[in-house]
Amino acid sequence: MPKKFTGENSKVAAAKEKKAAAQAEKDSRQRAKKEEQEAAEWAKGAKTGGRKEDQEAKRLEKLAKKKEAERLLQEEEKQLAHAARAKTGPAKLHPTSKPTQPLRGAEKKAATREAAVAQREAAAQPVP
């Protein structure tokens, strides 16, 4: 019977070394990442007063947004007013007639009667 191979396969040994080195590198990266996360947690500090600070920050942010919206609205109204003035031209110093509300109900009936009476009187007068 032939003698069994008692030595170590060089290719298998090289592969095992390569695999061990890769695993060690991976472990060191994970350890460094974990330490970095823990350092960030410790740097953040305790939670004392955090809720009040968050609420105050939200309130200030909301107030700033409200003021910005108000400012934008005023600018837009100013532009619209300027554009309306440019379209209609300058305002008249003495308007010829005032705009009136449409008549309703009894006021409307009285106005039509007055108009009818004035029309009859104008028709009754002879033309010279």
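In this label model, residue 44 and residue 82 are separated by 4.9 nm, measuring between points 7 Å along each Cα→Cβ vector. Here each label is just a point 7 Å from Cα along the line to Cβ, and for residue 106 and residue 35 those points are 9.6 nm apart. Compared with the alpha-carbon gap, the fully stretched path from residue 22 to residue 124 is longer by 24.8 nm at 0.36 nm per residue. Residues in the stretch 17-66 average 105 Å² of solvent-accessible surface per residue, probe 1.4 Å, ligands and nucleic acids excluded.
The values are calculated or read from the model by the stated rules, or taken from the named source; none is laboratory data. The structure displayed is predicted, hence computed values, not measured ones. Every residue, glycine as well, gets a Cβ built from its backbone with ideal geometry; the counts of neighbours run over all protein chains shown. These accessible areas exclude ligands, DNA and RNA; they are computed on the full protein's heavy atoms, side chains included. Shrake-Rupley method; radii C 1.70, N 1.55, O 1.52, S 1.80 Å.
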